[in-house]
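Here is the structure we will look at, set down as structure tokens.
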Amino acid sequence: MIAFPNIKINLGLSITEKRPDGYHNLETVFYPVALEDALEIRTSPNADRKFTLHQHGMEIAGNPEDNLVVKAYLLMDKEFHLPPIEIHLYKHIPSGAGLGGGSSDAAFMLKLLNDHYQLGVSEEQLEVYAATLGADCAFFIKNRPIFAEGIGNIFSPAELSLNGYQIMIIKPNVFVSTREAFSNIHPHRPKYPVREAIQRPVQEWKDTLINDFEASVFPQHPVIGEIKEELYHQGAIYASMSGSGSSVFGLFAPGFVLPEIDWGTDVFCFKGTLNK
Ligand SMILES: C[C@](O)(CO)[C@H](O)COP(=O)(O)OP(=O)(O)OC[C@H]1O[C@@H](n2ccc(N)nc2=O)[C@H](O)[C@@H]1O
Ligand SMILES: Nc1ncnc2c1ncn2[C@@H]1O[C@H](COP(=O)(O)OP(=O)(O)OP(=O)(O)O)[C@@H](O)[C@H]1O
């Protein structure tokens, strides 16, 4: 059985307070975009080992046991005593990008196992499992535009559609550690709450829909801020860093001819059309 874990972008990201457990409460709208990995599972004839991970495409740091798809499998195996499996993971989504690639792989692994082995786990319970694997992970169970609070796992409806808008995502060859990015943040209540800013026309988002990480990440990695400026220069209606970086996305009007830009070597670029 195969699935195609996609990315998220953050539309606004307010870090509102530090919690006693060290994590941060935040407010954001998660929006799914069709930049996808491919993830396949098969029951293994080899009963000697619980899992075998075959990895393709972009490289990820760490051992197989560190991979979030394996962590997701082991979590479900503990609960449901699953058969041994072969996992094929083809990475197209860059890591350290703020696009939630690893979290998405993990959430899709939970859903794949639930479907393939007919475990009958509810969506709510899958979200609970997902949240133990990563703060971003629970979103990918529902995987539709949604307003999120708490550490990113308390959801309520977000009434917006960007259907037909075009998107460009650029990730320079810069790795931003999510943990480190959070440690440089001074949590505060936003001037324009995300929930309100998102209701305004996209043309107004430039001044009101803010990603709090930009203020500390841009001075450390000026290239990221330069990419955002260039996207506006090229005609984006709205541009922002996603998550804690280092990728930046630009939203362009439906029908706009996306520019051909030479971003240089080592820069990842994705172009697509939003369909949610
Ligand atoms: C920045 C975002 O991408 C916005 O969507 C997410 O909040 C990050 O979520 P994530 O990558 O799934 O984060 P995790 O892998 O769970 O956590 C990485 C580290 O980020 C910090 N962290 C994460 C999420 C959160 N709400 N508060 C935090 O302080 C913690 O130090 C944690 O050890
Ligand atoms: N399946 C996976 N895909 C990508 N990274 C993984 C995976 N499993 C574990 N990781 C580890 O997780 C780290 C973060 O990867 P991820 O792709 O989620 O980054 P990100 O875009 O910064 O995500 P986020 O938006 O959640 O902060 C990587 O450094 C990598 O070592």
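If the Cβ limit is 6 Å and pairs must be 6+ apart or interchain, which residue in the range 229-245 that is in a strand (DSSP E or B) pairs with which residue that is within 16 Å of ligand 2 (Cβ to nearest atom)?
Between residues of the range 229-245 that are in a strand (DSSP E or B) and residues that are within 16 Å of ligand 2 (Cβ to nearest atom), the close pairs are Ser240/Asn211; Met241/Asn211; Met241/Glu214; Met241/Val248.
Identify, please: which residue in the range 157-205 is part of a helix (DSSP H, G or I) and aromatic (Phe, Trp, Tyr) and is, among those, most open to solvent (accessible area, probe 1.4 Å)?
Phe182
For Gln220, only one of the following conditions fails: (1) buried (at least 16 other Cβ atoms within 10 Å of the Cβ); (2) within 16 Å of ligand 2 (Cβ to nearest atom). What is its number?
Condition not satisfied by Gln220: (1).
Which residue pairs have Cβ atoms closer than 9 Å, lie 6 or more positions apart in sequence or on different chains, and pair a first residue in the range 156-184 that is on the phi > 0 side of the Ramachandran plot with a second residue that is among the polar types (S, T, N, Q)?
Gly164/Thr273; Gly164/Asn275
Identify all residues within the range 1-36 that are touching an Asp or Glu at 6+ places or on another chain (Cβ under 6 Å) and among the acidic types (Asp, Glu); write none if there are none.
Within the range 1-36, just Glu27 meets the criteria.
Among the residues of the range 225-234, are any in contact with a Leu (Cβ under 9 Å, 6 or more places away or on another chain), open to solvent by 30 Å² or more (accessible area, probe 1.4 Å) and away from ligand 2 (no atom under 16 Å from the Cβ)?
yes
Out of the residues in the range 61-107 meeting the condition of being of a type in the set (Asp, Glu) and free of Cβ contacts under 8 Å to residues at least 60 places away in the same chain, tell me which one is least open to solvent (accessible area, probe 1.4 Å).
Asp77
The values are calculated or read from the model by the stated rules, or taken from the named source; none is laboratory data. These figures come from a predicted structure and were not determined experimentally. Note: ideal-geometry Cβ built from the backbone for every residue, glycine included; neighbour counts use all protein chains shown. Surface accessibility is based on the protein's heavy atoms, side chains included, excluding ligands, DNA and RNA. Shrake-Rupley method; radii C 1.70, N 1.55, O 1.52, S 1.80 Å.
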